[in-house]
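Here the structure is laid out as structure tokens; the discussion comes afterwards.
The values are calculated or read from the model by the stated rules, or taken from the named source; none is laboratory data. Because the structure is a prediction, the values reported are computed rather than measured. Here the Cβ positions follow ideal geometry from the backbone for every residue, glycine too, while neighbour counts run over all protein chains shown.
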């Protein structure tokens, strides 16, 4: 319990950053504290109920911000979980069916496994050279690589249909999964490109800012030296909720709280390969 | 962080407007402040807990208003995200299949790409002459252009079915996507035509109004000159939440926080064209 | 903004009614005010924190009530939006297919357009003579007219199937939409027949009642003449939220905040007729 | 309005029971009140802010409890609404199709109508002799009667398929509805067998208990004789919310707020019979 | 009611553990109490409103934590409820169809019944020797046993299709259920592997910690000896909500509040066997 409370401040970059910011706000609060203990202490006449209305609005905004950010993050996780399912099901179905030649089946395997990798790079808008090359080898140059992969998979399936190796019902059974690949891609793009309403984000930030700037002045008369601790703790949680919401809202990046896309890609790779290994006749 | 708090007041029309309104409320609060500092200051005897019950109702209404407005906005975004998916899938499927002649396929491409443009104009109830002409060239005069486009797409697919170029299973695979086009159109029309229950909107507005009109009178005894700042800040956030909710609730307009329909149409255009470019034999 | 706050009190029957009730409560509050200013003013010794716990429970109940009522209303709207889609899609599909003779197609058109009208009358449990006659002409006497219409549509489609004019795939494409008609009807009946848990509604009403009856006695010592205004404003919002929730919870009636079923029926009529006009060969 | 507030205390068993409990708590509060008015009144030194933190936790728990209980209840209602739809659609489809002999069709009718009755008895784990006999006559002895009925319906449909009276597409159209029967049964079983997390229910009960036991001691100094009324009213609402949540959470029983399964079964019976009566040739 | 409040402290391991922790916090609170009653009692000058802002953040975090944890738990329950449905439907469909030989049908039965057991072991990452042996006998060695079982079921169905014993429509009807098996497996893996955003969990823990550490110092001046009881009760509920959320968030373990996977597996076993017993000809 104890280590669970203190250690993250050292091990988590996000929390260390927030902690640092909170200390800065704490330094700032030394100014009213110093004034309070100096002979000018009557100069501070901010009324102490100053924060009543503000904390009310702030609560509304922080709850809204946390909930919407988290539900975006969880939706993104559900989409990637659906990708695991779709790839696995495609694997199982393609190996159960014998509508594909060994050659096309192994090509399909490559395409399925490449899809999540391509989607990950697409969402992060960065790609290392090795991955790019292997993807280009697979589907040629394309601007929207996940789409190109899905199109190639469709091509394989409809070709098999046309040559009569699979019938209409098998086509539809496979189509149901192929469809999900692109729907998941579209869903991720939606989360990536549209953040929550900008004005709400600005309001939340402004409200936190005004709250923290005015807090020490309002409470220093009553709390004196304790103002320092209260300001730091308050700043830590307020800035923390704001910062984490900012990270969680864009779940495809490299922040600690972002989705671990690498490990999801690896999971898909393993699970799809295992599917094929079971069934392809030696 | 700092620029994120101050700059939007200059760059965002919505926030500048809200800021202006808040300053007006601030001017109004000068009246009780002037009275308080004058010799008539005993004339103000509003009890300071005046706002207890009101802020309680106000909180309820603002939370309700923000959440419903945002969930409408996000649903509209999901619908347009679904439109991207449906158009892209249609593109991939029509190019994978060879049930269409090159001519009809290229006509289908035009129709798919025209659908989001027509829907955008339909939702905004305005259309520039150039767009109108090109749409009329495509589907003739029609009152409900998106519907006319979808009907034409259906015509193409069922014609291909009747002439035996695609079979029943392919029909159903294509039907699944065509269906989504009109379901998305219907969903957007629902959001456009039905705003949240009118009485709730009136309550929210009245509650904000009464709150702000009475606020300075209730706190001026305790807060004196600080009343000015508190009134301005409170008005800024209250009017801001109300105004932004009003904008966000009708997400198809031209406000800053509205959906960027132009860029969504452009995305669909690009992505569908890329689909076709990959596959149509030269 | 200003007219948006005051005018609804004159133009909206609901709000005028609520305003009237609030004035009555205001009259009632004159009793403690008169006592307070009389020489018996020591007789009032209600403690002023009387409402602490009550307002806490009241908040919980009003939030719960508003949210559930609104989500029922919005679900009803979604169902009717789905009805627009289902009818329009049926129209497009029936005209794209040529599995129907001109005669049956025009009968199908009549049935589709009659369905929302019949559903509206069914949900309101009232029907004018003209509508009744035209519906009886169409489907004969039936207790559950929407069901009779859907059954006739099914009959048409399965007859076409049996006579070989449409094949199994077309049957299923049409079945998907026909199914929705009755599912929507069932969904509306669910909302109509099952209101929210009765005990919660009684609690909400009792809590508002006790709150308003005790409010002026508890605050009259502190607020004196202002008690009148506070009581009226509080009563206005409390009774308003309760009354509007009551209206919104049963969205198929004639209240101002109810769904505009007439205009939805008209929309469906127009849109379905347009579908047919485009395609039926002259 | 007035009768809506007072009468339920007499007519509703649940509310009368809660009212009785609240009076008991009121009796208990006479102890601190008697002490307060006795010469030992200095013995009570409970601080009056005692309930600050507790009411905070209590609010959280009651909101959580009310929302989860209600959403279970509403989900159960949706499931039974879906059952109405599924039975009705099955009826319409079976009569539109002529894949069944008159004999099997009338047997199917009996099975469809028996399903909700069997499910109701299954969920309540009680069955009167008459119902049991008629169900046993229909499907023989079975431990899970709804499942046996669904299996028999499947048998009928697949037999018709095997004998070539309906084709694959009609099989699938019927399968879509049959599937829903068992899915609804499974959904109801889920709600029946899994209540909300037990620890949360214990917390809620403990919190209400501690709150009510300590309330009169904490407020008797300030409120004196009014303590009695406040305690009774508070106990009424707290125990009421807790008791109603308990009832609503298990929506298949005989409590007033439970679903009216009898009338739902009757609705299904009527609606399905009407479907058949329209269509079966005399 | 009474036993429902006290007994769980003795019978529930979770609540006994939380109760023990709360007593520890109570012991800790003896320190400020002792100081308060000693002659050093002026040394404690913590301001009593210390917890205003903190309790505000704490409320936000506890509500968020409880809701997300519970909705994960309930989603997991829905997934396992869906598993009951999918297995039962598979059973009914496989016995209604006669596309399978008696031998393969009995093998399919074994596979269906083995699936939930394998999934349970997979989710808990532990497996007793007996279960492992029987599973290995069924599907051979495999890393991902549920996937291997699903793949074998697919193999059976597609083999039957290829040999012409079932046609395309029956394939699709069976595919719909088989698909659900792996989708449910994927959904459970998602819940298992991805806990809620780590930073939020750390914040919640830190906030509870700081709250409880500072609470007795802040209130001891006002509450004196009552500080002990208030601290214990507060600690009990705060730590309780935190601990239970931690348990509920990972619903596949052995905690009291976790899902009862054993009984769910047994239910599936019984229900599927009953399905087969009804129908397999003697």
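The set of residues in the range E:196-211 being within 17 Å of residue A:230 (Cβ to Cβ) and surrounded by fewer than 20 Cβ atoms within 10 Å (Cβ to Cβ) consists of E:209, E:210.
Please state which of the following conditions residue E:193 fails to meet, knowing it meets all the rest: (1) without any contact (Cβ under 8 Å) to a residue 40 or more places away in the chain; (2) over 21 Å from residue E:90 (Cβ atoms); (3) crowded, with 19+ Cβ neighbours inside 10 Å. For residue E:193, the exception is condition (3). Take the residues of the range E:259-282 that are without any contact (Cβ under 8 Å) to a residue 40 or more places away in the chain and within 11 Å of chain D (Cβ to nearest Cβ): which is nearest to the chain's Cα centre (by Cα)? That would be E:260. When each of E:201, E:205, E:162 is tested for being more than 21 Å from the chain's Cα centre (by Cα) and more than 14 Å from chain D (Cβ to nearest Cβ), the lone residue that passes is E:162.
Put simply, of E:196, E:156, E:210, E:233 the only residue that is within 30 Å of residue A:259 (Cβ to Cβ) and part of a helix (DSSP H, G or I) is E:210.
Is there a residue in the range D:218-228 that is at pLDDT 85 or above, more than 10 Å from every other protein chain (Cβ to nearest Cβ) and surrounded by fewer than 21 Cβ atoms within 10 Å (Cβ to Cβ)? Within the range D:218-228 (the criterion being at pLDDT 85 or above, more than 10 Å from every other protein chain (Cβ to nearest Cβ) and surrounded by fewer than 21 Cβ atoms within 10 Å (Cβ to Cβ)), the answer is yes, since at least one residue qualifies. When every residue of the range D:173-181 is checked against the conditions, at least one turns out to be facing chain C (nearest Cβ under 8 Å), closer than 30 Å to residue C:176 by Cβ and at pLDDT below 90. Give E:102, E:128, E:98 a once-over and let me know the one that is over 19 Å from the mean Cα position of the chain (by Cα) and within 14 Å of chain D (Cβ to nearest Cβ). Only one candidate qualifies: E:98. Considering (1) crowded, with 16+ Cβ neighbours inside 10 Å; (2) under 29 Å from residue A:155 (Cα atoms), the lone condition that residue B:147 does not fulfil carries the number (2).
Is there a residue in the range B:94-106 that is closer than 22 Å to residue C:271 by Cα and in the same structural domain as residue B:271 (by TED's automatic domain parsing)?
Scanning the range B:94-106, I find no residue that is closer than 22 Å to residue C:271 by Cα and in the same structural domain as residue B:271 (by TED's automatic domain parsing), so the answer is no.
Looking at the range B:1-16 only, could you name the residues that are at the interface with another protein chain (Cβ under 8 Å from one of its Cβ atoms) and modelled with pLDDT of 70 or more? B:8, B:12, B:14, B:15 - these are the residues of the range B:1-16 that are at the interface with another protein chain (Cβ under 8 Å from one of its Cβ atoms) and modelled with pLDDT of 70 or more. When C:177, C:126, C:133, C:170 are checked against the criterion of being over 24 Å from residue D:269 (Cβ atoms), part of a helix (DSSP H, G or I) and without any contact (Cβ under 8 Å) to a residue 12 or more places away in the chain, a single residue qualifies: C:133.
Only residues that are in a helix (DSSP H, G or I) and touching a residue at least 60 places away in the same chain (Cβ under 8 Å) were counted across the range B:86-105, and they come to 13. For the range C:9-27, filtering for residues that are closer than 24 Å to residue C:254 by Cβ and either touching a residue at least 24 places away in the same chain (Cβ under 8 Å) or outside any helix (DSSP H, G or I) (or both) leaves 9.
What do you reckon, is residue E:71 modelled with pLDDT of 85 or more, farther than 30 Å from residue D:198 by Cα and assigned to a helix (DSSP H, G or I)?
Answer is no for this residue.
Scanning the range D:67-95 for residues that are facing chain C (nearest Cβ under 8 Å), crowded, with 22+ Cβ neighbours inside 10 Å and within 21 Å of residue D:152 (Cβ to Cβ) yields D:84, D:85, D:88, D:89, D:92, D:93, D:95.
Listed by first and then second residue, the pairs linking a residue in the range D:218-243 that is without any contact (Cβ under 8 Å) to a residue 12 or more places away in the chain to a residue that is not in a helix (DSSP H, G or I), with Cβ atoms under 7 Å apart and 6 or more places separating them unless they lie on different chains, are D:223/C:47; D:226/C:46; D:226/C:47. The set of residues from the range A:213-226 being assigned to a helix (DSSP H, G or I) and over 36 Å from the mean Cα position of the chain (by Cα) comprises A:217, A:218, A:219, A:220, A:221, A:222, A:223, A:226. Of everything listed in (1) more than 14 Å from chain C (Cβ to nearest Cβ); (2) in contact with a helix residue (DSSP H, G or I) (Cβ under 7 Å, 6 or more places away or on another chain); (3) on the phi > 0 side of the Ramachandran plot, the single unmet condition for residue D:196 is (3).
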